[in-house]
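Colleague: Please see the structure below; I have some questions.
What follows draws every value from the coordinates through simple rules; no lab data is involved. Keep in mind that this is a model prediction, so the values were computed, not measured. Cβ: placed from backbone, ideal geometry, glycine included. Neighbour counts: every protein chain shown.
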Amino acid sequence: MSFELIKEIPEPEEIKKEYPVPKEYILKKNAFDKEVSDIFKGNSGKFLVIIGPCSADNEDAVLDYTDRLAKVYEKVKDKLFIIPRIYTNKPRTTGTGYKGMLHQPDPEKESDLLSGLIAIRNMHLHVMQNTGFMTADEMLYPENAWYLDDVLSYVAVGARSVENQQHRLVASGFDVPVGMKNPTSGDLSVMLNSVVAAQSRQSFMYRNWEVKTPGNPLTHTILRGAVNKHGQNIPNYHYEDLIRLYKMYMDRDLQNPAVIIDANHSNSAKQYKEQVRIVKEVLHSRKNSEDINLLVKGVMIESYIEGGCQKVGNGTYGQSITDPCLSWDDTEKLLLSMADLL
């Protein structure tokens with residue numbers, strides 16, 4: 001194989017030992033995780049909001065954003081439960097372009113995966129220490145999950161990864177909720193098959209070990225819209241879509257039926273300001289159906305300090321360098337209005 005060996009990456013336990021979770025935050029994370037678990041098990045009436053930039057590309061801006069998020073959370077925490085999305089790995093349709101902080105801790109410099117690995121672990125830790133929030137990230141590379149499993153309270157598997165066996169098997173070993181997005185084709189049965197696999201006990205090979213997992217009962221679905229053969233966006237957050245998914249859940253023997261609605265991507269056709277309307281429609285649908293109210297546990301929102309997006313190197317502080325995001329002003333208004341609507 002034509003692989004050029006660059007450098008050996010330390011094992012997960014070495015990285016964790018060098019950059020540990022502070023002892024005083026271990027119990028705080030356990031309490032945070034229990035609250036998230038209670039939402040998915042139906043033991044809490046709070047509505048989950050997984051929110052943050054499309055890609056967490058700059059630690060200073062991310063910490064600024066999450067500090068603002070913590071302040072508004074104090075006003076809505078009786079109704080909402082917020083998990084900042086600190087997405088540090090970015091899937092690329094063509095395999096080119098910015099792949100996230102894991103690859104490039106500085107988006108304007110060359111790839112450095114060891115420095116990136118340390119940078120992303122530190123960023124999750126710093127959000128935890130600065131705000132008390134525990135974080136969400138995408139599992140793009142299953143073999144890297146061990147480096148972050150002790151700092152994450154929510155994990156997403158993307159539309160391009162959801163059919164991959166290794167993603168499903170690794171998800172079965174997580175102790176926190178894992179959301180399976182529908183594939184870009186929109187086939188909901190594929191997404192539900194992933195939930196079945198991840199909720200089941202599994203045996204497989206992982207990082208040079210034969211391992212067994214107990215299955216993850218908190219694995220659930222994420223609706224993010226689809227794209228048809230003509231490249232047209234097909235949203236799947238409407239009332240009828242949610243009823244259909246509820247019925248599909250009822251036909252399967254799955255634990256804790258749940259869905260999170262991704263308000264951006266193909267649901268908004270990447271018209272990022274549409275996220276406000278989409279979230280409000282989802283909340284309206286919950287009020288009009290007891291089944292939908294039980295099924296829909298929360299939403300995903302892409303949001304940063306400045307609205308829209310920019311190219312790498314443009315230098316606008318707190319603006320996405322991948323997909324466009326809501327501005328902070330629009331985000332704060334949306335969170336406050338969501339609490340009023342619940």
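Colleague: Each label point is 7 Å from the Cα along the Cα-to-Cβ direction; what then is the distance between the points at I243 and D291, in nm?
Modeller: Those two pseudo-labels are separated by 0.7 nm.
Colleague: Grab the Cα-Cα distance for K280 and Q232, subtract it from 0.36 nm times how many residues apart they are, and report the gain in nm with one decimal. Walk me through the numbers before you get to the answer.
Modeller: On the way: separation 48, 0.36 × 48 = 17.28 nm, distance 2.33 nm.
Between K280 and Q232, full extension yields 14.9 nm more.
Colleague: Pull out a ≥ b ≥ c, the square roots of the eigenvalues of the alpha-carbon gyration tensor of region 191-342, then state rounded if a/c is under 1.5, prolate if not and a/b is larger than b/c, and oblate in the remaining case. Don't skip to the end; give the middle numbers.
Modeller: On the way: a/c = 1.95, a/b = 1.30, b/c = 1.50.
Oblate shape, in that a/c is at least 1.5 and b/c is the bigger or equal ratio.
Colleague: Starting from 0.36 nm per residue, how many nanometres of slack lie between Y317 and Y141 once their C-alpha separation is accounted for?
Modeller: 60.5 nm
Colleague: Which of rounded, prolate, oblate describes region 83-179, given a ≥ b ≥ c as roots of the alpha-carbon gyration tensor eigenvalues and a/c under 1.5 marking rounded, otherwise prolate only if a/b is larger than b/c? It would help to have the intermediate numbers written out before the result.
Modeller: Values: a/c = 1.83, a/b = 1.04, b/c = 1.76.
Judged from the Cα gyration tensor, region 83-179 comes out oblate (a/c at least 1.5, b/c at or above a/b).
Colleague: Turning to a different aspect of this structure: Taking semi-axes √(5λ) of the Cα gyration tensor in Å as the quantity of interest, determine which of (1) 40, 25, 17; (2) 110, 30, 19; (3) 28, 24, 21 was computed from the displayed structure.
Modeller: (3)
Colleague: Mind checking which lysines have their Cα closer than 18 Å to the Cα of K75? Skip sequence neighbours fewer than 8 apart in that chain.
Modeller: K46, K333
Colleague: Can you order the peptides 268-277, 78-87 by their average number of other Cβ atoms within 10 Å per residue, highest first? Walk me through the intermediate numbers first.
Modeller: Details: 268-277: 18.0, 78-87: 21.7.
Sorting 268-277, 78-87 by mean packing, highest first, produces 78-87, 268-277.
Colleague: Let me ask something else. Pull out a ≥ b ≥ c, the square roots of the eigenvalues of the alpha-carbon gyration tensor of region 102-234, then state rounded if a/c is under 1.5, prolate if not and a/b is larger than b/c, and oblate in the remaining case. Before the final figure, lay out the partial values.
Modeller: On the way: a/c = 1.68, a/b = 1.23, b/c = 1.37.
It comes out oblate by the Cα gyration axes.
Colleague: Can you pull the one-decimal nm distance between simple spin-label points at D150 and R201, each 7 Å off the Cα toward Cβ?
Modeller: So the label points at D150 and R201 sit 2.8 nm apart.
Colleague: On the first, second and third principal axes, largest extent first, how far apart are the outermost C-alpha atoms of region 1-141 in Å?
Modeller: 54, 32, 29
Colleague: At A70 and R160, where each label point lies 7 Å from the Cα along Cα→Cβ, what is the point-to-point distance in nanometres?
Modeller: Between A70 and R160, the simple spin-label model gives 3.4 nm.
Colleague: Using alpha carbon centroids, what distance separates region 99-141 and region 283-342, in Å?
Modeller: First find each Cα centre; the distance between them is then 21 Å.
Colleague: Within straight cross-link reach of K273, meaning Cα distance under 15 Å, which aspartates and glutamates are found once same-chain residues fewer than 8 apart are removed?
Modeller: D262, E281, E302, E306, D323, D329, D330, E332
Colleague: Further question: Can you give the relative contact order of region 16-341 as a percent, counting alpha carbon pairs under 8 Å and 6+ residues apart? Could you put the intermediate results ahead of the total?
Modeller: Numbers: 658 pairs, mean separation 54.8, N = 326.
Relative contact order comes out at 17 percent.
Colleague: Right, another one. In region 22-60, whose amide N lies under 20 Å from the spot 7 Å out along Cα-to-Cβ of K273? List them in ranges.
Modeller: Answer for this model: 52-54.
Colleague: A follow-up question, please. With point charges of +1 on the Cβ of Lys and Arg and -1 on the Cβ of Asp and Glu, referenced to the Cα centre of the chain, which listed residue (Y154, T213, F47) lies farthest in the positive direction of the dipole?
Modeller: F47
Colleague: Next up: For an R0 of 35 angstrom, estimate the FRET efficiency from the Cβ-Cβ distance between K41 and L113 and round to the nearest 0.05. Display every interim value, and only then the final one.
Modeller: Working: r = 37 Å, r/R0 = 1.05.
So the FRET efficiency works out to roughly 0.40.
Colleague: Dipole magnitude of region 16-341 about its Cα centre, charges +1 at Lys/Arg Cβ and -1 at Asp/Glu Cβ only, in debye to the nearest 20? If you can, show how the numbers build up before the last one.
Modeller: On the way: 39 positive and 41 negative charges, 116 e Å.
The calculation lands at about 560 debye.
Colleague: So which of K28/K99; K181/K229; K41/K181; K34/K79; K247/K280 end up more than 21 Å apart, counting from Cα to Cα? Numbers along the way, then the final one.
Modeller: Numbers: K28/K99 31 Å; K181/K229 19 Å; K41/K181 19 Å; K34/K79 16 Å; K247/K280 23 Å.
In this structure, K28/K99; K247/K280 exceed 21 Å between Cα atoms.
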